[in-house]
Amino acid sequence: APWDRLKPPGEFGWFGTDHLGRDVFARTIYGARISLSVGLFVAL
């Protein structure tokens with residue numbers, strides 16, 4: 001629902017949600033996975 005988009009950190013999301021209602025923690029983990037993959041590839 002439009003009024004439930006910005007939620008603070010809590011039991012359903014450690015970092016809360018952004019203005020579109022997306023889980024910030026899940027997006028952070030996804031971004032870290034890509035960054036670590038690129039770093040590992042460059043190091044090899």
With the first residue restricted to the stretch 1-13 and required to be surrounded by 10 or more Cβ atoms within 10 Å (Cβ to Cβ), and the second required to be acidic (D, E) and not in a loop (DSSP other than H, G, I, E, B), Cβ contacts under 8 Å at 6 or more apart or on different chains are G13/D23
Scanning for something in contact with an Asp or Glu (Cβ under 6 Å, 6 or more places away or on another chain) and either on the phi < 0 side of the Ramachandran plot or aromatic (F, W, Y) (or both), does the stretch 2-16 turn up at least one residue?
yes
In the stretch 14-28, residue farthest from the chain's Cα centre (by Cα) [restricted to those that are of a type in the set (A, V, I, L, M, F, W, C) and surrounded by 10 or more Cβ atoms within 10 Å (Cβ to Cβ)]:
W14
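Throughout, read-outs are computed from the coordinates displayed, never taken from laboratory work. These figures come from a predicted structure and were not determined experimentally. With ideal geometry, Cβ positions are generated from the backbone for all residues, glycine too; neighbour counts draw on all protein chains shown.
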